[in-house]
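The values are calculated or read from the model by the stated rules, or taken from the named source; none is laboratory data. Every value quoted in this text rests on a predicted model; they were computed, and no experiment measured them. Note: ideal-geometry Cβ built from the backbone for every residue, glycine included; neighbour counts use all protein chains shown. Accessible surface is based on the protein model in full, side chains and every heavy atom, while ligands, DNA and RNA are left aside. Shrake-Rupley method; radii C 1.70, N 1.55, O 1.52, S 1.80 Å.
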Amino acid sequence: MTKGTVKGIISNLVYVEVDGPVSQNEICYIDLYGVKLMAEVIKVAGNIAYTQVFESTRGLKPGNTVEFTDKMLQVKLGPGMLSKNYDGLQDDLNKMEGMYLTRGEYTDPLDEDSIWHFTPIAKVNDTVEAGDWLGSVPENWIDHKIMVPFLMEGKYQVKSIVLEGDYKITDTIAVVVDKEGKEYPLTMVQYWPVKLPIKAYQSKPRPFKTLETGIRTIDTLNPIAEGGTGFTPGPFGTGKTVLQHSISQNAEADLIVVAACGERANEVVELFTEFPELDDPRTGRKLIERTIIICNTSNMPVAAREASVYTAMSICEYYRSMGLKVLLLADSTSRWAQALREMSNRMEELPGPDAYPMDLPAIISNFYARAGYVYLNNGQTGSITFIGAVSPAGGNLKEPVTESTKKAARCFYSLSQDRADSKRYPAVDPIDSYSKYLEYDEIQEFLNQNIAPGWVDKVYKAKDILLRGKEAKDQINILGDDGVPLDYHSRFWKSELIDRIILVQDSFDSIDKSTPMKRQAYMLNLLLNICDTNFDFESYEELQPFYSRVINVLIQMNYQPFQGDKFKEYEAQLESILAERRVK
Ligand code: ADP
Ligand code: MG
């Protein structure tokens, strides 16, 4: 193995003079008087390797020795990852004392002593390749597939496979042979270099169905596709983290991976303490059973932020290859980009816009491209849906991270300061936000078939009402209440109906926080019917009291169990209010 000597230190950037070959992204360990600090090669120039150290470099001096590993940053994959809390380097945070690891301490991501009940799927003489299912073990409620390691190239024949029974992850569960007759004993553990996408699938079609999140402003107005991508840019305090939490708790996915990247430590502590308590509305079990949390908080070294998003994505790809529907949430990808910027600046690279690295757009789009819906080699399907939060400084959506992400992600959920200030949560702006999937023929067909005939037209109608309402509001603001025709007030109040009943959603109410699609469709129909009704008003002053009553009753409906007695009671009340002014 190549060895090296520390030549220079600029914060987390360490220059190492090497005595042999090293490669881009290779991992090395810097010896700090017995403590080994993990670092990654980010650039090689002659016999100098530029490394980013994943820990504090406090105390490091020129002359310290370095050992290279010939391996890239990798994840260790196998049963036992569900419910775990990892840091960006996949250290098991439950195996440490206190909240953070001490320097130079790395823990095993898996548990070598636990016993798993293995049932074979492959048979002797089967031809297999990377990603093929050899067998399965139950992990919580997931049928965890043990696969041919993704790093094995070409085809192999199964020479032997163990009988159904209890095994440790390090036991040999199968032996495969290659064309030359060389034997490879396989266990339940495999490794993957996180910066490379796992490509053990047949094909990745364009997304053609939607993924329910339970969040109305997303599902009703701007649905995200299963295997699709979206992002939520928003200034500080506009509700990005709360929105990600509610999506993670309510979305219709088999498995949720949450990458908390560079955000405040207390939010992450909340995540850790809150999740184990929460019930999964879909399975009735605990949410944590289908969740993996990867966390690099603001007080951990910036270099590990980059690692954390890649580690999270690789874990998602691993579970996708088992035929699962995975949802990845990252909060916030801006912190990751800022870490890239810091390193790039320390290396004195030619900077791009706002001093971010020139290749930032490519880095972001390559990352988003790892999401997707796939057909596996055995014809089964799996998906990764990815939603990233972006925190543009000062809410400036023209800054490079937002702009680059906009090119990569297909859904744009823009959180607005105004809406947050007026407590209209989730603060997703209905006018600026969009879902490109809504324009796909496949998705339109899916929605019309699965929700209701003509559904897509209704969605566009609702969007139109919101836009016309905003225009009317702007005119009223300029010309005054009595300076505009009555119709303008009417348009404004119709958009208020959609806004207050569909868009505004209380993420802290046990019922309102998640709305099944069937209920969303029912409410949208109800509202569009009201919007289509002619009401009789003498002057604009009569609209506000009338619509306020309508809105109040509708909000009460949102808080009641769907189609329950209370719900129906409020619906009857609504009808009598509407009847007061309906034009016969
Ligand atoms: P960000 O991550 O964008 O900085 P947060 O998600 O932490 O913002 O939200 C900031 C605060 O806004 C929360 O602590 C909460 O008080 C309020 N908030 C955000 N979203 C909601 C919501 N859906 N319902 C009620 N309050 C919310
Ligand atoms: Mg936040």
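Just a few scattered comments:
- Helix-only arithmetic for the chain: the sum of -39500 (n - 2.57) across DSSP H runs with n ≥ 4, divided by the residue total, places the mean residue ellipticity at 222 nm at -9500 deg cm²/dmol.
- Of the trypsin sites (Lys or Arg not before Pro) found in segment 365-460, those in coil by DSSP whose Cβ has at most 14 other Cβ atoms within 10 Å are Lys398, Lys423.
- Filtered GluC sites (Glu not before Pro), segment 447-545: DSSP coil and at most 12 other beta carbons within 10 Å: Glu538
- Neighbour net charge for Glu342 - beta-carbon separation under 11 angstrom, K R +1, D E -1: +3
- Each 20 Å bin from zero up to the one holding the largest Cα-Cα distance in the chain carries the following percent of pairs: 19, 47, 26, 7, 0.
- A simple charge model with +1 on the Cβ of Lys and Arg, -1 on the Cβ of Asp and Glu and nothing else charged puts the dipole of the chain at about 680 debye relative to its Cα centre.
- List Ile121, Ile146, ordered by accessible area with a 1.4 Å probe, largest first: Ile121, Ile146
- Computed from Cα atoms, the angle from the helix 486-498 axis to the main principal axis of the chain rounds to 40 degrees.
- Per-residue ³J(HN,Hα) for segment 534-547, Karplus 6.51 cos²θ - 1.76 cosθ + 1.60, θ = phi - 60°, Hz, x for Gly and Pro: 8, 10, 9, 10, 7, 9, 4, 5, 7, 6, 4, x, 5, 5
- Alpha-carbon centroid distance for the pair segment 1-37 / segment 335-370, whole angstrom: 22
- The phi torsions of segment 102-117, fed into the Karplus equation with coefficients 6.51, -1.76 and 1.60 and a -60° offset, translate into couplings of 7, 4, x, 9, 10, 10, 6, x, 10, 10, 6, 8, 6, 10, 10, 8 Hz, rounded to whole numbers, with Gly and Pro shown as x.
- Burial order of peptide ranges 342-349, 306-313 (average beta-carbon count within 10 Å, highest first): 306-313, 342-349
- Loop-located chymotrypsin sites (Phe, Trp or Tyr not before Pro) in segment 480-533 (DSSP state other than H, G, I, E, B) with a sparse environment of at most 15 neighbouring Cβ atoms within 10 Å: Phe508.
- Taken about its Cα centre, segment 116-188 carries a charge dipole of about 120 debye when Lys and Arg each add +1 at the Cβ and Asp and Glu each add -1 at the Cβ.
- Remark: segment 455-581 carries a charge dipole of roughly 640 debye about the Cα centre, counting +1 on each Lys and Arg Cβ and -1 on each Asp and Glu Cβ.
- Residue (of Tyr201, Val175, Leu340) at the positive-pole extreme of the chain, dipole from beta-carbon charges: Tyr201
- Angle of helix 265-274 to the longest C-alpha principal axis of the chain, folded into 0 to 90 degrees and rounded to 10: 80°.
- Which of Pro21, Gly165, Pro79, positive extreme of dipole for the chain (C-beta unit charges): Pro21
- Dipole of the chain, positive direction: furthest Cα of Asn477, Ile288, Cys411, with charges on the beta-carbon: Cys411
- Å² per residue, accessible surface of the chain at 1.4 Å: 42
- Separation of segment 118-197 from segment 486-564 is 54 Å, based on Cα centroids.
- With DNA, RNA and ligands ignored, accessible area of Asp166 (1.4 Å probe; Å², nearest 10): 100
- When the pairs Lys155/Lys195; Lys209/Lys458; Lys84/Lys123; Lys204/Lys406 are compared against a 28 Å limit on Cα-Cα distance, Lys84/Lys123 fall above it.
- Shown for segment 116-188: the carbon plus sulfur share of the solvent-accessible area, taken with all protein chains present and a 1.4 angstrom probe, equals 51%.
- Quarter the surface of the alpha carbon convex hull of segment 455-581 and you get the mean projected area, 7.9 square nanometres.
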